[in-house]
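What follows is one structure encoded as structure tokens, with my remarks underneath.
The values are calculated or read from the model by the stated rules, or taken from the named source; none is laboratory data. These numbers were taken from a predicted model, which means no experiment stands behind them. Methodologically, a virtual Cβ is constructed for each residue, glycine included, from the backbone with ideal geometry; neighbour enumeration extends over all protein chains shown.
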Amino acid sequence: MTKPPFSPRTSLSRREATGLISAFVAALTAPGAALAAPAGRFGPATPFSWERLVARAQANARRPFVERPASKLAVPDFDTHVRLTYGQAEELPGHVRLLPTRTGIAPQAVGISIVENGQSRTLTDMKGLFGGGADGEAAGFRVMWADGHADWLAFLGGSYFRAAGSHDQFGLSARGISINTGGAGPEEFPEFTDFWFEGKGEDGLIVHALLDGPSLTGAYRIETKRTPDAGIQDVTATLFLRRDIQRLGLAPMTSMYLYGEGDRRTDWRPEVHDSDGLAIVTGTGEHIWHPLINPEQEHQPPITNAMRADHVKGFGLLQRDQDFDHYQDDMSYYHRRPSLWVEPKGDWGPGTVELYSFASISETVDNVCAYWLSDTPVKAGQRRDLAYRLTWSSQEPAHGNNALCTAFRVGPGGVPGQDEIKGVTRYVFDFEGDILGGLTRDSHVEAQTDIPAKAVLLMSVGPVGGQKNIWRVTMDVRHADLPHPEFRLFLKRAGGALSETVIATAKRP
């Protein structure tokens, strides 16, 4: 996954990003007064509807793609960009504040409109809407709390957007679509070119958007609301294909994984990541957990992991570990980063959930992407309609009755304190859940794995002493005898699963 012209993470240091990202707790204002367009800033009213937006996207697809020119008012440096973004500025209806164009980062301007009672009015005068009263053009926007102290929703660059979760913190990003992520050719980054804001009750906001790129166009409706535990976005999208696409990733998300409990540290903090694993609920109801890795840790090229998920029920990148002591970061607050869960509406059919990771040595680079890939070929001239729900939260999504893998550690094989066994890696999995309560070493609990018996030098399964409902699996594995770079493992008893299935990437010693 190469980077788009702009990613919120690429332009900000960890300290600067901390100033940007905050809570998602405030209620939005009511649609009447809240989104009433002030006189003088907006053009004349024109009819607006979802059907009109879809028709516009379809008409765009019939024309050749034309790259948008850079704004003549693009900010040339970071300091000015920060001043225009965070300085005192007027607010648009709906607590929307504009993010300015910037040379080399987000140079193209986007259209901004307000929708009210089926009528749209386009923003034509942006004077005073940037910090210090400077003039400019918008590259994106953010939505503020009602009291204006921080933002909880932001769209900026490509088709990227993100919302703060239940712990009042930004983290990973969603994307409108991904094209050829992890493929043989270059990745494509279509862009949201125009936005329309519409109020929805006292605590909701609808963002309508047009998407445009060399391979496709699209219309998006993203209805956002909040609950006490989560930010919820219902996404409806209609895509029109200009040309064949080899890999069309649906409901993609992008995150950062530098290192975790099973990796070598690069500074004093025990762990640094926005997400620590990919969770999947397949069409058969199997729960899968794939711990994330940074390929740099193994000096590997980018890795694409494809997991069958026919008729998928849900998937997402999670920050399952929420213990501050495991991060010790009192500036970026990684223990408060939200998880993002996708629930398809309707049957998406046969396909795979794919996890793409590339090497990174910086926590300011998003190096992980997850998305769903259909088995159905994507051809020029097609129309694709899809709908799904995004949930931004720190609570475990779609949690079944089985135990969860709460820790994945890796080390040298052999007895600690003695010489390592060359070519052998020790894997340690911790599983936690009420289903394990009351079980003992005499309860015939086993670890089921697809690793060949000749590759397993040690297998130990048992409860962790002094810990409630936690079981540990310890394995020494000889890598020369592994037939695949990944392996599966879960706890079982009397033929029935006690835990989710872990799919782990083998880490060579």
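Odds and ends about this structure:
- When M144 is tested against the conditions (1) aliphatic (A, V, I, L, M); (2) touching a His at 6+ places or on another chain (Cβ under 7 Å); (3) at pLDDT 95 or above, the lone failure is (3).
- Residues (in a helix (DSSP H, G or I) and either of a type in the set (V, I, T) or under 21 Å from the mean Cα position of the chain (by Cα) (or both)) located in the stretch 294-323: P295, E296
The rows are residues; the columns are (1) crowded, with 22+ Cβ neighbours inside 10 Å; (2) aliphatic (A, V, I, L, M).
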position	(1), (2)
A146	no, yes
S159	yes, no
A164	yes, yes
F170	yes, no
I177	yes, yes
P190	yes, no
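- Scope the stretch 391-422; condition out of contact with any Gly (no Cβ under 7 Å at 6 or more places or on another chain), over 22 Å from E486 (Cα atoms) and part of a strand (DSSP E or B); matching residues: T391
- Selection status of T406, in contact with a strand residue (DSSP E or B) (Cβ under 7 Å, 6 or more places away or on another chain), buried (at least 21 other Cβ atoms within 10 Å of the Cβ) and of a type in the set (S, T, Y): no
- Flag: G465 does not match the condition of being within 23 Å of H287 (Cα to Cα) and out of contact with any Lys or Arg (no Cβ under 8 Å at 6 or more places or on another chain).
- Selected residue (criterion: modelled with the highest pLDDT) from residues of the stretch 147-164 that are among the small types (G, A, S) and either closer than 17 Å to A251 by Cβ or out of contact with any Gly (no Cβ under 9 Å at 6 or more places or on another chain) (or both): S159
- Filtering R142, R162, R97 for residues that are among the basic types (K, R) and touching a residue at least 60 places away in the same chain (Cβ under 8 Å) leaves a single hit, R162.
- Unique match (being modelled with pLDDT under 95 and of a type outside the set (F, W, Y)) among Q300, Q319: Q300
- Which numbered condition T254 fails, given (1) in contact with a helix residue (DSSP H, G or I) (Cβ under 8 Å, 6 or more places away or on another chain); (2) of a type outside the set (A, V, I, L, M, F, W, C); (3) assigned to a strand (DSSP E or B): (1)
- Positions within the stretch 435-457 being among the polar types (S, T, N, Q) and within 37 Å of the chain's Cα centre (by Cα), in sequence order: Q448, T449
- Scope the stretch 39-84; condition closer than 23 Å to L239 by Cα and either among the polar types (S, T, N, Q) or not assigned by TED's automatic domain parsing to the domain that holds L129 (or both); matching residues: S49, Q58, N60
- Meets criteria (more than 19 Å from A504 (Cβ to Cβ) and part of a strand (DSSP E or B)) for G462: yes
- Residue within the stretch 374-383 that is touching a Gly at 6+ places or on another chain (Cβ under 6 Å) and closer than 30 Å to A59 by Cα present: yes
- A residue that is under 30 Å from P252 (Cβ atoms), of a type in the set (D, E) and either assigned by TED's automatic domain parsing to the domain that holds L278 or buried (at least 17 other Cβ atoms within 10 Å of the Cβ) (or both) occurs somewhere in the stretch 418-441.
- Looking at F141, F195, just one residue is surrounded by 18 or more Cβ atoms within 10 Å (Cβ to Cβ) and within 25 Å of S394 (Cα to Cα), and that residue is F141.
- Test result for L210, at pLDDT 95 or above, farther than 29 Å from E116 by Cβ, assigned by TED's automatic domain parsing to the domain that holds L239 and surrounded by 20 or more Cβ atoms within 10 Å (Cβ to Cβ): no
- Pairs where the first residue, in the stretch 491-509, is within 26 Å of G413 (Cα to Cα) and the second is modelled with pLDDT under 90 and charged (D, E, K, R), C-beta under 8 Å, 6+ apart: K507/E298; R508/E298; P509/E420
- Residue in the stretch 309-324 that is farther than 22 Å from F358 by Cα, hydrophobic (A, V, I, L, M, F, W, C) and surrounded by 19 or more Cβ atoms within 10 Å (Cβ to Cβ) present: yes
- Residue in the stretch 223-244 that is touching a His at 6+ places or on another chain (Cβ under 7 Å), on the phi < 0 side of the Ramachandran plot and not aliphatic (A, V, I, L, M) present: no
- Of all the residues in the stretch 465-490, those that are without any contact (Cβ under 8 Å) to a residue 40 or more places away in the chain, more than 20 Å from E354 (Cβ to Cβ) and either outside any loop (DSSP other than H, G, I, E, B) or among the aromatic types (F, W, Y) (or both) number 1.
Residue by residue, here is whether (1) surrounded by 16 or more Cβ atoms within 10 Å (Cβ to Cβ); (2) in the same structural domain as V281 (by TED's automatic domain parsing); (3) within 20 Å of Q322 (Cβ to Cβ) holds:
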| position | (1), (2), (3) |
| --- | --- |
| S357 | yes, yes, no |
| I361 | no, yes, no |
| C369 | yes, yes, no |
| H399 | no, no, yes |
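- Filtered residues of the stretch 485-509 (kept if more than 19 Å from A306 (Cβ to Cβ), among the aliphatic types (A, V, I, L, M) and buried (at least 18 other Cβ atoms within 10 Å of the Cβ)): L491, A497, L498
- Options T440, T425; residue that is touching a strand residue (DSSP E or B) at 6+ places or on another chain (Cβ under 8 Å), at negative phi and not in a strand (DSSP E or B): T440
- Sole exception among (1) surrounded by fewer than 21 Cβ atoms within 10 Å (Cβ to Cβ); (2) in a loop (DSSP other than H, G, I, E, B) for S275, by number: (1)
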